[in-house]
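Take a look at the structure set out below.
The values are calculated or read from the model by the stated rules, or taken from the named source; none is laboratory data. All values derive from a computational prediction rather than experimental measurement. Note that we place each Cβ from the backbone using ideal geometry, even for glycine, and neighbour counts take in every protein chain shown.
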Amino acid sequence: MSNVSNIVKTIQDIMRKDAGTYGDAQRLEQLGWMFFLKIMDDREKELELIRDGYRSPLPQHLRWSSWAADEEGITGEALLDFVNNTLLPKLKSLAGGVDKMAGLVRMTFEDANNYMKN
């Protein structure tokens, strides 16, 4: 558990230095949706192994492992543009229909914001 605490503290220290996050409420919201996507991605990798034919409700390019897990991946302005103009809008508009997970993702992100600027 101390490892998780250290990770959260490190992330909060980074967020405190960012021009877009002004308080704990914004940092907590930001951390919440980031952790949600990371945990969901890990769970989906597991489901792909244990359930034949499992398909994620998220397009591949929106999954955490596609845009956040790669240390050589997008950064800076390109990352901000992706999060603000692709990731969050697409997650907010996922079609739920019979896919309960897509509906859960849409509800989770319908009021989510990205406050980070750097």
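Evaluation of Met101 against the conditions (1) surrounded by 11 or more Cβ atoms within 10 Å (Cβ to Cβ); (2) assigned to a helix (DSSP H, G or I); (3) at pLDDT 90 or above shows that the sole unmet condition is (3).
When Asn85 is tested against the conditions (1) under 13 Å from the mean Cα position of the chain (by Cα); (2) part of a helix (DSSP H, G or I), the lone failure is (1). Which ones in the stretch 30-53 are surrounded by fewer than 17 Cβ atoms within 10 Å (Cβ to Cβ) and under 21 Å from Asn85 (Cα atoms)? Correct list: Leu31, Gly32, Phe35, Lys38. Residues considered: Ala78, Ala95. Of these, the only one that is assigned to a loop (DSSP other than H, G, I, E, B), exposed (fewer than 12 other Cβ atoms within 10 Å of the Cβ), at negative phi and not charged (D, E, K, R) is Ala95.
Here Arg51 does not qualify as farther than 17 Å from Ile14 by Cβ and in contact with a helix residue (DSSP H, G or I) (Cβ under 6 Å, 6 or more places away or on another chain). Within the stretch 57-70, is there a residue that is more than 23 Å from Val8 (Cβ to Cβ) and of a type in the set (Asp, Glu)? No: zero hits.
Here is a check on your reading of the model: is Thr21 touching a helix residue (DSSP H, G or I) at 6+ places or on another chain (Cβ under 6 Å), hydroxyl-bearing (Ser, Thr, Tyr) and surrounded by 13 or more Cβ atoms within 10 Å (Cβ to Cβ)? For Thr21, the condition - touching a helix residue (DSSP H, G or I) at 6+ places or on another chain (Cβ under 6 Å), hydroxyl-bearing (Ser, Thr, Tyr) and surrounded by 13 or more Cβ atoms within 10 Å (Cβ to Cβ) - is met. Of all residues in the stretch 54-75, those being in a helix (DSSP H, G or I) and surrounded by 16 or more Cβ atoms within 10 Å (Cβ to Cβ) number 3. Can you find a residue that is modelled with pLDDT of 80 or more, assigned to a loop (DSSP other than H, G, I, E, B) and of a type outside the set (Asp, Glu) anywhere in the stretch 28-51? Yes, some residue in the stretch 28-51 is modelled with pLDDT of 80 or more, assigned to a loop (DSSP other than H, G, I, E, B) and of a type outside the set (Asp, Glu).
Per-residue answers, yes or no, for (1) among the small types (Gly, Ala, Ser); (2) in contact (Cβ under 8 Å) with a residue 24 or more places away in the chain; (3) more than 19 Å from Leu104 (Cβ to Cβ); (4) in contact with a Pro (Cβ under 9 Å, 6 or more places away or on another chain):
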| position | (1), (2), (3), (4) |
| --- | --- |
| Ile14 | no, no, yes, no |
| Asp24 | no, no, yes, no |
| Leu28 | no, no, yes, no |
| Lys38 | no, yes, no, no |
| Leu62 | no, yes, no, no |
| Asn84 | no, yes, yes, no |
| Ser93 | yes, no, no, no |
